[in-house]
Amino acid sequence: MIAVIEDYIFYEIAALLVLAAGVGFLGLLLRQPLIVSFIAVGILAGPSILDIARSDEQIDLLAELGIAVLLFLVGLKLDFNLVRSLGPVALVTGLGQVVFTTVFGFLIALALGLDAVTAIYVAIALTFSSTIIIVKLLSDKREIDALHGRIALGFLIVQDIVVVVAMIALSAIGVGGAAEGEGALVDVLRVLGYGLAMLTFVVVFIRYVANPLVERLSRVPELLVSFAIGWAALLAAVGYYLGFGKELGGLLAGVSLASTPFREAIAARLASLRDFLLLFFFIALGASLDLSVLGDSVGPALVLSLFVLIGNPLIVLTIMGAMGYRKRTGFLAGLTVAQISEFSLIFMAMSVTIGHATDEALGLVTLVGLVTIAASTYMITYSHQLYSFFEPVLGVFERRHPQAEDTDASDTARSHDVVLFGLGRYGLGIASSLQDSGKSILGVDFSPRAVRHAREQGFDVVFGDATDPEFLGHLPLQQADWLVMAVPEHETGLTHDDPRHALLKAARDLGFGGKVAVAAHQDATAEALRADCADLVLMPYRDAAFAAARMIAGDARVPETVIEDPEGQKEFLP
C-alpha cells in the first residue's frame, strides 16, 4: 500500500514538473518571468481544471522549504552599505514609495468594498516590489550598474527591510491573536524576548564563528551548499518553534552569513534550488485559487493593478525630481517598482493563516501580481522606448537645474581629441593606448563604478548616458576629432531604437563633424553600422585574433587596437 502511495506521489510530482517546463517555455516565448508561469501551472494543476495537485502535504512541505531558502538568500544579500553609499535617495525614495502606496492603496481598497483590516493588509502587500525580477531584467539589459539601476537596488533593499519589519509585526500579531487579555501580552513579550535572544546568537555567530567556519567548508563546495541549506532550514525551524515564524528564521540565517567573503558563491549555487522549490509554493498558491471566486475579483484587481503600474512609478519620479535628479533617471528607476512581489503573496498568505484576511483577499492580490508582473516585465524591457514616448510631458518632474547629476563641468569644459563612450575593459584599453599616443581623451559611462575606476586611472571622465540627447548637449563634441562607441552591442540589433543609432544621429544634430568609430561583434551589425554613418567599425574579437596571428607569425608590428574601415582596410585609430 505504501509503495502504491509513493508511486502515486512520484507520478504527481513528475506530471507537475513536466507541466511547469511546458508552461515555463511558453512564458519564455512571451518574455515573462517564471513567477507568472508557475502560478499559471498551479491554476492548471488545481481542482478547477486538471486536478493534478492533490498531495497537499508534500507540496506544502516543499513550498515551505522554498520560502526558507528564498528568505535566506534575501538575508544573504541584505547589503546595508549600498543604501548608505547612495545617500538619502534610496532611503527617501524607498520609504516615500512605501508610505504613498500604503496610504492610497488602503483608500482605494476601502472604496472597492474591502473591510478596514483586509484593506490595510492588501495595501501593505502592494508596496513590495520583486527584487528577483528587477535584478534579472536590469542585469539582462546591462543596466544594473547604471545610476537608475543602483538607485533601484537601494530602495529595493529599503523595501526588504520593510518586509522584515512587516513580518515581525505580523508574527507578533499572530501570537497575540492566539490568546486574550494579559495572556496575549505575555505571549507577545515572550516572542520578542526569543527574537532578541536569537538576534544576539546571530551577532555572536557573525563575530566569532561565521568566517572561519565558512572558510573551512568552502574547501568542499558541495559541503558548503549542504551546510547553507541545512543552516537556513535549521534557523527557520527554530524561528517557527519560538513563535516568530520560519520566514524570519530563514532571513536571519542569511544575515548571519552575509558578512562572509563566500556569500556570492553561496547565493549563486542556491539560486537554482530556490527557483525549483518556489515552483511548489506557486503551484500550491495557484491550486488553492477558486476560479469561480476569482471572477468577482477581476474588476478590483484591474483597479489595483493600474494603481501599482502607474502610481508607484509616478511617486518615485516625483521624489527623485524633487531631490534634483533628472527626469530620465527618475523615470527609468520608477518603472522598476511597477509590480508587486512574491513577498506580497507570502505576506498575504501569513495574514490568511492568522485569520486576518480571507482566501478571497489572497486571490485578489494574486491576480494583481499576475497582471503587474506580466505588464512591468515589458515596461522595464522597453524602458528607453517608453521614455522617448513620454519624454515631452515629463518636464514637470525635473528641476530647472537638476544638481544631483552634475556632469562635472571642469571635465567637459576642456577640449578633447576623442570622446569615448563605454569604460569597460575594452573601452579603457582603447583610452590607454590613445592617451599613450598623445591624444586627449574624455570618457563617458553610465556606471558610477566604471567612472570612479577610470578617474583613478587618471582619465578625464563624466557620468552620463549615451542615449540621452540632453546630456550629449553638454559634451564638447564640436572640438573632438573622433567619437568612439565601445558600449555593449547585445542590447539590441541595430535599429532606429538602437542606442548607438540614437547617439550617432544626436551627435550629428549637435554639430559634430568628426569621425565615428563604433564597436561591433557580429558581421551583420558591422555592415549595418557602416551604412549608418560609422566611419570605422571596431571588431574586438576578430581584431584580437588578427593581432595574435601576427604575433605568432613573428610580425614585429603588432597593433594595440586594430579597426576595420568601410572599405575593409586595417588601420590604427589615429
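Filtered by the rule that a residue be buried (at least 16 other Cβ atoms within 10 Å of the Cβ) and modelled with pLDDT under 70, the range 475-495 gives Glu489, Glu491, Leu494. The number of residues in the range 38-67 that are buried (at least 17 other Cβ atoms within 10 Å of the Cβ) and more than 30 Å from Leu234 (Cα to Cα) comes to 6. In the range 385-404 there is no residue that is at pLDDT 85 or above, closer than 18 Å to Lys141 by Cβ and assigned to a strand (DSSP E or B).
For beta carbons closer than 9 Å, sequence separation of 6+ or different chains, a first residue in the range 414-431 that is part of a loop (DSSP other than H, G, I, E, B) and a second that is modelled with pLDDT of 85 or more and among the basic types (Lys, Arg), the qualifying pairs are His416/Lys439; Asp417/Lys439. From the list Ala556, Ala531, Ala524, Ala547, the one residue that fits, being modelled with pLDDT of 75 or more and not acidic (Asp, Glu), is Ala547. Cβ-Cβ distances below 8 Å connect no pair with a first residue in the range 285-302 that is outside the structural domain of Leu370 (by TED's automatic domain parsing) and crowded, with 20+ Cβ neighbours inside 10 Å, a second residue that is modelled with pLDDT under 65 and among the hydrophobic types (A, V, I, L, M, F, W, C), and a separation of six or more residues or different chains.
For Gly243, indicate whether it is assigned by TED's automatic domain parsing to the domain that holds Tyr194, modelled with pLDDT under 85 and of a type in the set (Gly, Ala, Ser). Here the answer is yes, as Gly243 does meet what is asked.
So, in the range 440-449, of the ones that are over 24 Å from Gln479 (Cβ atoms) and surrounded by fewer than 21 Cβ atoms within 10 Å (Cβ to Cβ), which residue ends up modelled with the highest pLDDT? Looking at residues that are over 24 Å from Gln479 (Cβ atoms) and surrounded by fewer than 21 Cβ atoms within 10 Å (Cβ to Cβ), I get Arg449.
For the subset of the range 1-37 comprising residues that are exposed (fewer than 13 other Cβ atoms within 10 Å of the Cβ) and under 24 Å from Met379 (Cβ atoms), which member is modelled with the lowest pLDDT? The selected residue is Arg31. Restricting attention to the range 454-471 and to residues that are at pLDDT below 70 and touching a Leu at 6+ places or on another chain (Cβ under 9 Å), the residue that is surrounded by the most Cβ atoms within 10 Å (Cβ to Cβ) turns out to be Asp465.
The values are calculated or read from the model by the stated rules, or taken from the named source; none is laboratory data. These numbers come from a predicted model, not from an experiment. Glycine gets a Cβ as well: all are built from the backbone with ideal geometry, and neighbour counts include every protein chain shown.
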